[in-house]
Every structure is written in C-alpha cells, then in structure tokens.
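Reviewing the structure listed below.
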Amino acid sequence: MMDTQLTLPFLLRRSESYFGDKEIVTRLPDRSFHRYTYRDAARRARALAVGLQGLGLERGDRVATLCWNHYQHHEAYLGIPSGGFVLHTLNLRLHPNDLAYIANHAEDKAVIVDRSLVPLLDTFLAQTSIEHVLVVEDSYEELVADSDAGAWVDPELNENEAAAMCYTSGTTGVPKGVLYSHRSTVLHTLGVAAGNPMGLGVSEQDVILPVVPMFHANAWGYPYLATMIGAKLVYPGPHLDPESLLEDFVEEGVTWTAGVPTIWLGILAMLDADPGRWDLSRMKGMLVGGSAAPRAMIAGFKQRHGLDVVHGWGMTETSPVASTAQLPGDLAAADEETQFDYVAMQGMPLSFVELRHRDDEGVILPWDGESMGELEIRGPWVAAGYYNTPEQADRWTDDGWFKTGDIVSMHPRGFIQIKDRSKDVIKSGGEWISSVELENALMAHPAIVEAAVIAVPDEKWDERPLAAVVLREGQTATADDLRAFLAPDFAKWWLPDRFEFISEIPKTSVGKFRKTELRDMFTTEAVVQP
Ligand code: AMP
C-alpha cells in the first residue's frame, strides 16, 4: 500500500477542489457578517504560509495566535501547518504572566493578534522572543495581500512533524504544552467524522458553529473537520453572549454547534424566557463537553425545546475529543428518561481510543457502574508526553497509557461516568463522594442557576462536602430546602453540610468551575447559613 503521509495540506486541496464555493461566515467585532468561500480561505492560507516564509521563519518554528473565532484564525489553523510551521494557540483569557511563560516555553517566533487584543499582547510581549507581530485587519492583511499564494510549494511534510500546540488550562502548577502532529490531527479529524453520536453525525450538508474557542484544544477539531467534509462554517467572533449566538443560529441556519455547559445554560435560560422567539428547527445537535453537562439541562433542551444535547469528553492531551454519547440501538429506542441517564454520562470512546480505569494499587477495575478509579487512555491522538517537560513523565504508565487525573466509574455498557478530577474528590470517612453528581442534582432545582461542590476539612470525617450555589434572580431556597431536595437520591452522608449562596461561581479561562478559588473562599471563612 502507498505510504501516504497524513498531513494538513491535503485538507486545503480537498476543500477547494470539491467544496470551493461553500461558505465560511464570520460575525465581525462590529456585529456585521463577513462571508467568503473555502476557495478564498485556501488561497489566503497558502499566502499566509508564503508570507511567513518571506519573514524568514523556518520549518518547525512556532507561530502563535491570540485571536477569537474568525476566518483569519481559520486561515492560521491551515496556513501555518501547511507552511511547515507550528500553530500555537494562546489562550486570551490567561493572566499575562502565564502568557509570557507559555510563549517563552514554546519559543514563539511570531504572533497573529486581533486588534482588540493588542493591549493584552503589549502586557507580555517584551518578556518573549516574539519577533513578528501580525495584527488582524492590519499588518496580517498586508502580509496576506502581498504574498503570492501561487508561490506556495507543498513542503512534503512528514506526518510525524508537529502541526500545532496548545497548553493545558490546568488550575494548578505550571501550564504544560501538548504538541499535535499532522498525523494525530488528521486521525482525530477522521475519528470525529466517523463517530456518529446519537445518529446525529455531521456531513457536507451541515452548518457548523464552533462556540468553543479556537484557543482551547483545537476548537475541538471543528476547523479541520468542517474543511474535510465541506460543511458551511460560522464563526461567532467575540460575540459569545446567548442572544448573539441564537441570532447566528437562526440567521445562518446552524445545524450543529459545540461548547462548554456554561454557554448552553445561558442559552437554555434565554429560550425558556421566550420560547417562541427563535426558530431552531434546523438545529440537529449541540455537542457539550469540557465540564459535565447537567442532566437537567440535557432534559430541559429536549423536553421544552426539542433540541438534542450530545455529551462528549476529552482533554487538551487527547486532541481533544475522546468519547461521545453513542447510544447503541436498544438505548436509542429506550424511553426518554433512560436516554437522559446515558447522555448525562461521558459516553463511549471514539474508534482507536481505548479506556480503562484503575484503583490506587493499579488494579484494573470492572465495568460495574460503581468501582471508582482513575481513567487511563491510549490512542493515536493522545499525547505521549508534554513538550519539554520531563518532570511530568509520571503521567504516563509503564505500559504506555496516559493517566487522565479524572476519577470515573464505568457503566456495564462501556459508558464512562466522571465523578471528579482527582484533586477535587471529596473523601469523607474514607469513602468517596462525587462532587459532580451532587452538582448535577442541584442544578436540576428550579431555583438554582449553577452549583459547585467542594471538599472542606472536617475534624471527624476528614473532609465534608460544601455546596456553593447561585440562585436564579428573584428566587429563594434555604440550605434545608436544598438538602431535602437532594435527600431522596443520595445517601445521607453525601448531603452537603454547608450551603453557601454566592452571586457567581468563579470560572477558569475556559469556563470550568475554579474550585481552588472556592476552596480558598470557604475553608477559612465562617459558616453562613440562611
Ligand atoms: P481541558 O484540557 O482544559 O479540556 O480539560 C480536560 C478536563 O476537563 C478533563 O480531564 C475533565 O476533567 C474535564 N472534562 C472534559 N469534558 C468533560 C465532561 N463531559 N464531563 C466532565 N468533565 C469533563
């Protein structure tokens, strides 16, 4: 068989040859829409590659981006790797000190930056070795306009060369870089395309809007997936509020979208407030991941608005998509409540991804839906190490699996159920309490917008759960009410001793609950019970 190298320039060739007229739409900062085609995008991506070569960049050099989701970022996703360079997406929500550390660690040589983010870049640029700054709609545009796409020569890359890199958004320790190869990126794209979660898989006829930021784990692969299958793409720019997104969905006829639960909770609240206002009849499915999708939210979308939530799990280290809600035929035919139970779990692995969970002694645990252990993963789009960080080598087992740090049980049907991050588990009297399950249950309470559960030290039990709760405007609930609400579904010792009512749950740069901050807030402060 031919030893065809699995590299990204292939996607440029395919998209312009077969889907050249298909559209890529971007909501610009001034809220107007920019439209062009895959043919235009391929030409400009090649021009970018030629322009970067013209600046003197060499094969393997890192080119950073500090951008929202838009067509220029899309060009960077394809053009930088196609020039033989490495796309390094910087997370614009990080602290400047972290950004300086990351840009230095990656040895970024150039950066493409949104005009609105130049002030952020200025806070750390001097601490880096970045030589070239390309401002979107300014010097970036000049570079692309002045470079001849026709001068692009396929660098005949080896599939194992790096295409992109991303640093993990961990809440503790220094950020760690993951390098994606051309091969891993191509296989991830194929793997996601082959997955057909809940029978709702995407094709050329879909209109895809990735809400997930392009600076977070490859935007879950959507720029590459849409380019490969020729689906119309819609990028929301910086407008990520529920109303703008709903407008985009309706105006552009979006059929598939993806993002973290916080975004969907906001959208659900807006739909509930004014059910007839938005025509989402074309929407086929919404992939929700990055944090646990609450069961009540999944049920709310389906029962009140006829919309399907597809739950997925992954990590920066796993490219990121590793598992999605694939309901086998008998479950797809099951009653709605049973289906919600399954979709609220984190799904089954994509093909070629393998999962297992082991206890503290390293014993592989059974798929009994109960035994909890750390999830381990292996597969062709799972990192084999962190970039230049040998001290983290113990995150891989001797037999080559990556230790995810997620504590899970495995349902007999092969579904993962995430119980906690290992650093977030609550150990009360030697037994585990799952913060995720308590949060999920609390978020089903009509007066609650968001809830996060953390461990607080306890003299007798070592640790006890504390629930931080955000109430809906104008609604009330007391600690006793909430305990009574949880009581039918949980063992008594699982019920949180303390409830704290706060105005907002602190979040990380990618919208996950920042539990370290909650622990700082509540392990020192006196108990406040209403
Ligand atoms: P990141 O690398 O920032 O994408 O974070 C990866 C981590 O997010 C995983 O290890 C999980 O702890 C968490 N995560 C991702 N998807 C889910 C999900 N569907 N449910 C629960 N946790 C999730």
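Taken along the Cα-to-beta-carbon direction at a fixed 7 Å, the label points for Ala145 and Ala126 span 3.2 nm.
Packing, taken as the mean count of other beta carbons within 10 Å per residue, orders the peptides 473-482, 53-62 from highest to lowest as 53-62, 473-482. Bridging of Lys284 to lysines at a Cα separation below 30 Å is possible for Lys22, Lys232, Lys302, Lys419, Lys507, Lys512, once same-chain residues fewer than 8 apart are set aside.
Highest mean packing comes first when the peptides 91-98, 36-43, 150-157 are listed by Cβ atoms within 10 Å, giving 36-43, 91-98, 150-157. Counting only DSSP beta bridges with both residues in region 98-194, the antiparallel share comes to about 55 percent. Pairwise Cα distances in region 44-87 exceed 12 Å in 52 percent of cases. Summary of the geometry: region 1-59 and region 368-426, compared by the centres of their Cα atoms, lie 35 Å apart. The mean sequence separation of alpha-carbon pairs under 8 Å and at least six residues apart, normalised by the residue count of region 1-112, gives a relative contact order of 26 percent. When only C-alpha pairs under 8 Å and at least 6 residues apart count, what is the relative contact order of region 76-172, in percent? After rounding, I find 39 percent. Residues whose amide H comes within less than 5 Å of that of Arg464, counting only those at least five positions distant or on another chain, are Val456, Asp458 (H built at 1.01 Å from N in the peptide plane). The packing ranking, built from the mean of other Cβ atoms within 10 Å per residue, places the peptides 334-344, 269-279 in the order 334-344, 269-279, highest first.
Full extension of the chain between Ala491 and Ile364 yields a length gain of 43.1 nm, computed as 0.36 nm times the residue separation minus the alpha carbon distance. Taking the helices alone, the chain has a mean residue ellipticity at 222 nm of -8500 deg cm²/dmol, built from -39,500 (n - 2.57) per DSSP H run of at least 4 residues and averaged over all its residues.
In percent, rounded to a whole number, the relative contact order of the chain is 11, using alpha-carbon pairs under 8 Å and six or more apart. Taking max minus min of the alpha-carbon positions on each principal axis, the chain gives extents of 70, 54, 51 Å, largest first.
Residues whose amide H comes within less than 5 Å of that of Glu159, counting only those at least five positions distant or on another chain, are Leu6 (H built at 1.01 Å from N in the peptide plane).
Values in this text are rule-based calculations from the coordinates and carry no lab data. Keep in mind that what you see is a predicted model, and the values were worked out from it rather than measured. Glycine also receives a Cβ, built like all others from the backbone with ideal geometry; neighbour counts cover every protein chain displayed.
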